[in-house]
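The values are calculated or read from the model by the stated rules, or taken from the named source; none is laboratory data. Since this is a predicted model, take the numbers as computed values, not measurements. Cβ: placed from backbone, ideal geometry, glycine included. Neighbour counts: every protein chain shown.
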Amino acid sequence: MPFKWITYAAILATVALLVAGVSTLPPLTEGGLTPSGPPPYGAASAPADPAAFCRATLSGVNCACFAQKTAEVMSAPHNPVPGMAYADRWDLARAQAGESC
């Protein structure tokens, strides 16, 4: 009988230590990554007219298609997860439109 009580006490102590240890650790989504947000001051941003950007800098690309695809990507709803880093939306739009058009 005393052996059972010792076993139960050991299990209870182990669970209590696990709960205490886990509660002191930060969440996995909390640290280590740089916070996402607006680009730093002076960084390149998306042009006001993607079709004009296409005509000026890209060759062999359907600029009407490029403008439509970039508008779709830039206006898509985006709910960022705190602490996660995301690709720049203009870079993402330019890459997707360049491949599609």
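Note on region 58-101: among residues that are charged (D, E, K, R) and in contact with a Ser or Thr (Cβ under 8 Å, 6 or more places away or on another chain), the one that is modelled with the lowest pLDDT is 94. Say we look at region 69-83 and pick out the residues that are touching a residue at least 24 places away in the same chain (Cβ under 8 Å) and surrounded by 11 or more Cβ atoms within 10 Å (Cβ to Cβ); which of these is farthest from residue 48 (Cα to Cα)? Checked region 69-83; the qualifying residue farthest from residue 48 (Cα to Cα) is 83.
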